[in-house]
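The numbers here are math on the coordinates, done by the rules we state, and not lab data. The structure presented is a predicted model; accordingly, all values stated were derived computationally and were not measured. All Cβ positions, glycine included, derive from the backbone under ideal geometry; neighbour counts span all protein chains shown.
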Amino acid sequence: MNELTPTTPSPIAATEETLLWFGHDPLWLVILKVVGIFVILVLVVLFTIWLERRVVGRMQQRIGPNRTGPFGLLQSLMDGFKLAFKEEIFPTAADKAVYIIAPILSVVPAYMAWAVIPFGPEVSIFGQATPLQLTDFPVAVLYILAIASIGIYGIVLAGWASGSTYPLLGGLRSSAQMISYEIAMGLSFVAVFLFAGTMSTSSIVNGQVDLWFGLLVLPSFLIYATAMIGETNRAPFDLPEAESELVGGFHTEYSTMKFALFFLAEYINMVTVSAVAVTLFLGGWRAPFPISMWSGANEGWFPMIWFFLKIFIFIFVFIWLRGTLPRFRYDQFMRFGWKVLIPISVLWILIIAIIRGVSDEYGLTATPLAITAGFILTVAVLWILGRNVKRRRVKNLAENTIPEKFKPNSGGFPVPPLPGQEYRPARRTVVADVGAATDAGTTSVSEEVRGG
Amino acid sequence: MLPNPYLPIFALGLLAFLFACVSVTLATLVGPKRYNRAKLDAYECGIDPTPQPIGGGHFTIKYYLTAMLFIVFDIEIVFLYPWAVSFEALGLFAVIEVILFIVTVLCVYAFVWRRGGLEWD
């Protein structure tokens, strides 16, 4: 840095000085990092699937898979092997070329997004100083958004190419859902860039030494946390795979490893959005507060522990939500995205822009004001949403009171009595009940039981 | 040496692509082959599949509308990112301009909302 700055102004701003770490790796190190990321991702996905099945099992008073390997840890690996040895099926109605390309198009971008995720600081690998991150450049977050959007093509093409009704609807729903929540997701990043002054992931982590952006721009973090669940099609926003409506969604017609690739892409995306949340809002690989007092916590290989701990907290929340919440209806889901998340994001950007602009103009620090404003906005929005939910519940209760009198044919079809209603059997039924035939039948059965 | 920081992305992409290609072709090589016409039908819970109209199935216009609204807002985001990144250099003048821009987009948003563009029947 020192040789560059006096004569010519460096092309890299002070906020982006970590970018100087990148672009010096020898080829063998790049290959090592690529293989490392690939292996880590596969292992994390296998572990996440196992964790999900075990945790959801516990939440539903079951045990979950526990036979294959210690604690059932090899279950997802064996499921993968099993899928590899299944019969290849191409549905007659399918567009064969697109049908094969779709899973590839879905899984490759899912991996590629991890090129710019920072795992840790500079370390020494076989004597070569290098950051624990494959690469980084000034538009890294934009790149993550772009490459994640390509994954949507895989899903919508899979739905379209299957030549079947359920996958088509599932693929469309999935893409509509992902683009709807991508707006809220994109808007939530603006406040982070405003304070970080950069889109490079390593520099954003570097900018959170004193204070995590999740605290500084709390509404953005909460909007992102909501949008990322919609973006990954997870419960309670798992409408593209609503089993009761669409069977399996876009991958209904897929079998063998082609199905496994979709499954893999879905879980990698889940880990990716968690990693982005950690990087942008929760200080990335930096140690959380009490541990960060130990000076060695942010050096060497230790940061990977904090990074993956934070990621698995998010993954646990994903699983927890799936075990707890019922699925949204599609109109409710779209209304929430377009009429709640987007206006709040835009409002928050306006507030934070004014705070930042005015405090810069008068030479103040924007931090305390931003934290206060973010906290107030969060509380206000949650209060309004909670009040609306309560009002709707009261209104629904008032509309849906049970009438005193039981009508056996209300609505044109026979219905059972509701709680509190008295059931008076029709005349014909009464005659049948006291008939000699029924009486005789009951007696003979009870006699048989006694005799046996 | 890879002097360009963008090149490692393609190394990762290539590895993922090779893995995906091997996975896709694996079942053809090692899987069993037992022909049955019913297996090749579209899955519709056991009933005969509904014949698809030529050129793919039909779906509601709402999806197109959602896609178009997405583009409007995505362009808004595209304009906000460069401003946010170079905020310090641009100062209060840019803040006022961005507020004007956001308010303009909000007018469009309010119009779409009033006309029922955000309702999903």
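Rounding to the nearest 10 and keeping the result within 0 to 90°, find how far the Cα-based axis of helix A:140-161 lies from the longest principal axis of chain A.
30
Taking B:Lys39 as the anchor, which aspartates and glutamates have their alpha carbon closer than 17 Å to its alpha carbon, excluding any fewer than eight residues away along the same chain?
Leaving aside aspartates and glutamates fewer than 8 places away in the same chain, those within reach of B:Lys39 are A:Glu87, A:Glu88, A:Asp95, A:Glu253, B:Asp48.
Would you work out the relative contact order for segment A:111-225, in percent, from Cα pairs under 8 angstrom that are 6 or more residues apart? List each step's numbers first, then the result.
Numbers: 105 pairs, mean separation 28.0, N = 115.
This gives 24 percent for segment A:111-225.
Given the C-alpha atoms of segment A:320-423, compute the convex hull and give its volume per residue in Å³. Display every interim value, and only then the final one.
Numbers: hull volume 16.9 nm³, N = 104.
In segment A:320-423, the Cα hull volume divided by residue count equals 163 Å³.
Go ahead and run the numbers for FRET between A:Leu350 and A:Ile376, Cβ-Cβ distance against an R0 of 22 Å, rounding to 0.05.
My answer for the efficiency is 0.95.
So how do A:Val346, A:Val108, A:Val30 line up by other beta-carbon neighbours within 10 Å, fewest first?
Details: A:Val346 22, A:Val108 25, A:Val30 19.
If I rank by nearby Cβ atoms, fewest first, I get A:Val30, A:Val346, A:Val108.
On full extension of the chain, what length is gained from B:Ile96 through B:Tyr64, given 0.36 nm per residue of separation minus the C-alpha to C-alpha distance?
Details: separation 32, 0.36 × 32 = 11.52 nm, distance 3.34 nm.
Here the answer is 8.2 nm.
Say we join alpha carbon atoms closer than 10 Å with springs in a Gaussian network model of chain B; which of B:Pro32, B:Pro51, B:Pro82 then has the biggest fluctuation?
B:Pro32
When the gyration tensor of the protein assembly as shown is built from Cα positions, what are the square roots of 5 times its three eigenvalues, in whole Å, from largest to smallest? Don't jump to the answer; show the numbers that get you there.
Details: eigenvalues 471, 215, 118 Å².
Each semi-axis is the square root of five times an eigenvalue, giving 49, 33, 24 Å.
Which angle between 0 and 90 degrees, to the nearest 10, do you get for helix A:367-399 versus the longest principal axis of chain A when only C-alpha atoms count?
10
List the pairs from A:Lys339/A:Lys390; A:Lys96/B:Lys62; A:Lys82/A:Lys310 whose alpha-carbon separation is above 30 Å, in the order I gave them.
On the way: A:Lys339/A:Lys390 18 Å; A:Lys96/B:Lys62 28 Å; A:Lys82/A:Lys310 32 Å.
Too far apart for the 30 Å limit: A:Lys82/A:Lys310.
Over its Cα atoms, what ratio of radius of gyration to 2.2 N^0.38 Å does segment B:7-114 give?
Details: Rg = 25.2 Å, N = 108, 2.2 N^0.38 = 13.0 Å.
That works out to 1.93 for segment B:7-114.
Roughly how tilted is helix A:75-84, in degrees to the nearest 10 and between 0 and 90, from the longest Cα axis of chain A?
Orientation of helix A:75-84: about 80 degrees from the principal axis.
Which lysines have a Cα lying under 30 Å from the Cα of A:Lys407, excluding residues fewer than 8 positions away in the same chain?
A:Lys395
In debye, nearest 20, what is the charge dipole magnitude of the protein assembly as shown about its Cα centre with +1 on Lys and Arg Cβ and -1 on Asp and Glu Cβ, if you could check?
Values: 39 positive and 40 negative charges, 379 e Å.
About 1820 debye.
Select from B:Gly91, B:Phe111, B:Tyr63 the residue farthest towards the positive end of the dipole of segment B:7-114; place +1 on Cβ of Lys and Arg, -1 on Cβ of Asp and Glu, and compute about the Cα centre.
Comparing the listed Cα positions along the dipole, B:Tyr63 ranks first.
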